[in-house]
Structure formats: structure tokens, C-alpha cells
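The values are calculated or read from the model by the stated rules, or taken from the named source; none is laboratory data. Note that the structure is a prediction, hence the values are computed from the model and not measured. Every residue, glycine as well, gets a Cβ built from its backbone with ideal geometry; the counts of neighbours run over all protein chains shown.
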Amino acid sequence: MPVEVRLTAVLQRVTGGAKSIQAEGETVEQLLGSMEQSYPGFLAQVMQEEGKLHRFVNIYLNDEDIRYLDQLNTKVQQGDVVSILPALAGGSTAC
Amino acid sequence: MPINVYIPTPFRRLTGNRTSVEAKGLTVSDVLHDLEARFPGLRAQITDERDEVPAHINIYVNNREISALQGTRTPVRDGDEMALIPAIAGGADENGATAPAGPRMLTPDQVTRYSRHMIMGQVGPAGQRKLMNAKVLIVGAGGLGSPNALYLALAGIGTIGIVDFDVVDLSNLQRQILHQTADIGKPKVVSARETINAHNPDVNVVLHEEPLHSENAIEIIGQYDIIVNGADNFATRYLVNDASYLLGKTLVDGSILLFDGQATVFEPGKGCYRCLFPEPPPPGMVPSCAEAGVLGALCATIGSIQATEVIKQVLKIGDPLVGRLLLYDALSMEFRIVKTRRNPNCPLCGDHPTVTELIDYEAFCGAPAREPSHV
């Protein structure tokens, strides 16, 4: 069951520029696994080695942070949009 | 169809608190007489004994000041919009509260300069004075700081502080609209003050030409009402977040990279940057603008959203971007909003805080010692 996964520009570098990807899975974790199969190296951008999300990466199911749902076990269904959002710091350097 | 007349806050006690009223007449003078018949006492507020409009009151017909037309003999037609804008605002705002301390009188030039704001019911003379009494700190005179500084200055924010220790570099000029070619080599805070005051000499620009760090952040941030974050490194971003929260200041946050932008507002007690991103990425994991690039016009989009949120905070109008994170993708030209929350386990603003004073942010972010790199 494909679910749309949206990536910000930083992560698009791992997916060859693709910003919206149809991934397979019934939970967020399965979606991420499917992304890793399509784009080797993707998982390291969002997960720590022990299988937890990096603390500077947020994942949203529609408009809700999965930290406040069922974390990586959050269920997804067709029509959902999952967004992966690493922290950005851009602005001015010297302050 | 009669003429619609906007009534500013100080006169609304005479119109039963109505923001706009209808009146009839063929000229501005007729309308003023008709208003007097409907709302006794109103004309005495607007014209002097000789039935002339004194210099401290501006009257607009369809957004044009009547002294540039035919004065009180300016003809009006049904459906026209007329507005009465006094330079001297009353002592109470819309909630009946005492007006903030500071300048109580707007000069005629100020009335004209800010007329497009003051003519709106959400601003009015009382709101304009709030803007003129506000103190806003902008962290970084770069991509985001530039549009923030300009729009806040144009709006008449009374005091704008700028923290930056960099000098203007040629590579800044693709996006940093505070600085121009002739400013290359000049301290950014100096260039910023020149540009701001060229746009609006009323603004008191306070320069903080030094790096923001744990030893000076409380002292600097404590001088301001609202903080705007335009920093490009995670150490400063967490420092500004923590200091703003500890001082009870509202933080208007924005960030940009490549074609992506984010903006949100942190009000103390309603979540902070640590609730959103508990830890910074390890150095090198998320590239900087210098490494990856950034679209110049994106700075204006996000910076202008920040400036809008600052003005809303000062005026206490609308729904602030609190509890919401705005995401902007310039390539697909899409805006989205996701929810943010206060995390009860947040080390800063959670139920059992462990960060109760400023820490070593370079160590927290694993960042090397900072060098100006002209981003």
C-alpha cells in the first residue's frame, strides 16, 4: 500500500533530487525501510544506529508529529502524507 | 449608497464604539456636518472653532489625504471610503487600558508615513504608538535579519537591536538587502544602521557588534520585548532559545536552506526550539547555507513572515504562529503547517527542567570555534 513520503531539500540529495516518494508499508518504520531499499544510505540520515530517530529529525503524519502518536510504530494508510524534516539553521553566521 | 467613514479608536466613544459609520453629503464638509447630527460632539473633535481641520488631524478619502485634494471642499460620492486619523491619540487603547509610556503624540509626518497602517482598524493611532514603543532584537544582520530589520523599521518599531560581528562580504549581496556594494568591508551592524535610518530616521538602532554567547546573551536579550532569530548555526539557535525562554521573551524563529524555509513563534510555556528539535545534528550532517546554498528571495519570504509575526505580537492581533511550524518549499511553491507542542520532558521548558541557566552551546552542538564565513 503506497504512502506519499515528502522530503525537504537536504534529504533530496540522497534520493537523487526526488522530493515526493511513494513508499510501501503499514507503519512509519516500514516506510523508512522501504525508502532504504530504494535509496541505500537514506536510513542513516534519519535514524541512529540503535534504531531510533535522530533527535534533530522530525517525522510528521499529515500535520502531527509522530512523537505524539505511536512513534515509529505509527500506522499509515493510503492517502496519508508523511513528511521528514531535519532541523535547519540557515540565516546569518556571525552572531 | 452613503459614504463609509472609518472612526479611529479615540473617537469611538462618540459613535457607540462603532468602527465605521455611514454618513451623507456632497463634500467632506457636508459629511462632517452630517456626522455631527448623528453623533453630537464628534465634529468638535475633528474641526476647530473656524470649522477648519487642524494640522494634527488627517482626513482621507479613498486613501488620499484631503489636503492633497480640495481640503474639506473635496467632493465625495456614494460608496466612497473616508477615514479620520488624529495625530494625538487618546490615553486608552481598545481594551480601555492605559496607553503604554512613550511618545503620546505623532507628528504630522509620522501620521502620513504610517497612514496605510493607521487607517486599518487593527492598528490605528494606539497601535502605531505600541509599535513605536516596542523594542525588538534581531539576531544576525544576514539573510533573514535583513528583511526583518527593514519591514520592522518601516512599520515604525521604535528600537531595533542588531547582534552581529561580521563584516559585509561580496557573497552576502545576493540576498542580504541591508547591505549594498559600497558597504563591502564595513561591519554589518554599521551598514544595517545606515540602511535602516535611511529608510526611517525615527528608529533607534542599537548595535551589538559582538558574538552572542552565554556570558552576554541574558544582558543583551533582556533589553528587548521580542526576539527575532536569524542565526545560521545551531549553537546560537539553542542559545537564543534558552535565553529567551529563561527571560520570558517571545522568540520569532525562522530558518532557511536551499529552497526550503521554516518559521514558527515560541511563546514561553507553549513549547520551545528544544521541544521541536531536542538536539542539534552532529557537525556536518546538515549543511550550512555556505556549503549548500540558499535562494536569495527565500530570505524575504521567511523574513517577512517573521516580521509579520512580530508586528502581530506587538499589536496583539490575529492568531500567532504559536504551536504551529510553517514549512515553505519554494520549488513546488507550497506552504504547509504542522503542529508543534510543548514537550513535558523538555530539559528547558518541560515539567522537570534540567537546563536552568545558559550552558556551553559550542560543546552542546559539538561545533568548532566559530569563524565568520559570510553566510
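Here are the numbers for the structure shown:
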{"quantity": "Residue list for segment B:1-54, restricted to those being among the small types (Gly, Ala, Ser) and either within 34 Å of the chain's Cα centre (by Cα) or within 23 Å of B:Asp78 (Cα to Cα) (or both)", "calculated": "B:Gly16, B:Ser20, B:Ala23, B:Gly25, B:Ser29, B:Ala37"}
{"quantity": "Members of segment B:327-362 that are in contact with a Ser or Thr (Cβ under 8 Å, 6 or more places away or on another chain) and away from chain A (no Cβ under 11 Å)", "calculated": "B:Pro347, B:Leu358, B:Ile359, B:Asp360, B:Tyr361"}
{"quantity": "B:Tyr224 in contact (Cβ under 8 Å) with a residue 12 or more places away in the chain, assigned by TED's automatic domain parsing to the domain that holds B:Ile157 and within 23 Å of B:Val205 (Cα to Cα)", "calculated": "yes"}
{"quantity": "Residue pairs meeting the criteria (Cβ under 6 Å; at least 6 apart or on separate chains; first touching a residue at least 24 places away in the same chain (Cβ under 8 Å) and more than 12 Å from B:Tyr6 (Cα to Cα), in segment B:18-41; second among the basic types (Lys, Arg) and exposed (fewer than 13 other Cβ atoms within 10 Å of the Cβ))", "calculated": "B:Thr27/B:Arg73"}
{"quantity": "Filter result for the condition that a residue is farther than 23 Å from A:Tyr68 by Cβ, surrounded by fewer than 21 Cβ atoms within 10 Å (Cβ to Cβ) and among the small types (Gly, Ala, Ser), over B:Gly296, B:Gly303, B:Gly254", "calculated": "B:Gly296"}
{"quantity": "Residue within segment B:331-349 that is in the same structural domain as B:Glu215 (by TED's automatic domain parsing), more than 25 Å from A:Val81 (Cα to Cα) and of a type in the set (A, V, I, L, M) present", "calculated": "yes"}
{"quantity": "Elements of type helices (runs of 4 or more DSSP H) in segment A:2-47, at least 3 residues being within 14 Å of another protein chain (Cβ to nearest Cβ) and modelled with pLDDT of 90 or more", "calculated": "A:42-46"}
{"quantity": "Scan of segment B:314-326 for residues that are surrounded by 20 or more Cβ atoms within 10 Å (Cβ to Cβ) and either within 11 Å of another protein chain (Cβ to nearest Cβ) or of a type in the set (Val, Ile, Thr) (or both), ordered by number", "calculated": "B:Val314, B:Leu325"}
{"quantity": "Wholly within segment B:227-295, helices (runs of 4 or more DSSP H) carrying at least 1 residues that are more than 11 Å from chain A (Cβ to nearest Cβ)", "calculated": "B:234-246"}
{"quantity": "Residue under evaluation B:Pro268, criteria (1) at pLDDT below 95; (2) closer than 22 Å to A:Glu64 by Cα, criterion not met", "calculated": "(1)"}
{"quantity": "Among (1) without any contact (Cβ under 8 Å) to a residue 60 or more places away in the chain; (2) buried (at least 22 other Cβ atoms within 10 Å of the Cβ), the one test that B:Thr264 misses", "calculated": "(1)"}
{"quantity": "Verdict on B:Phe234 being touching a helix residue (DSSP H, G or I) at 6+ places or on another chain (Cβ under 6 Å) and not basic (Lys, Arg)", "calculated": "yes"}
{"quantity": "Selected residue [crowded, with 18+ Cβ neighbours inside 10 Å, more than 22 Å from B:Gln223 (Cβ to Cβ) and within 13 Å of chain A (Cβ to nearest Cβ)] from B:Val163, B:Val168", "calculated": "B:Val168"}
{"quantity": "Residue under evaluation B:Val338, criteria (1) in a helix (DSSP H, G or I); (2) crowded, with 18+ Cβ neighbours inside 10 Å, criterion not met", "calculated": "(1)"}
{"quantity": "Test: residue in segment B:113-123 that is under 30 Å from B:Val167 (Cβ atoms) and touching a residue at least 60 places away in the same chain (Cβ under 8 Å)", "calculated": "no"}
{"quantity": "In segment A:48-62, residue surrounded by the fewest Cβ atoms within 10 Å (Cβ to Cβ) [restricted to those that are farther than 12 Å from A:Leu85 by Cα and within 11 Å of chain B (Cβ to nearest Cβ)]", "calculated": "A:Gln48"}
{"quantity": "Selection count where residues are aliphatic (A, V, I, L, M), in a helix (DSSP H, G or I) and within 20 Å of B:Thr250 (Cβ to Cβ), scope segment B:127-156", "calculated": "5"}
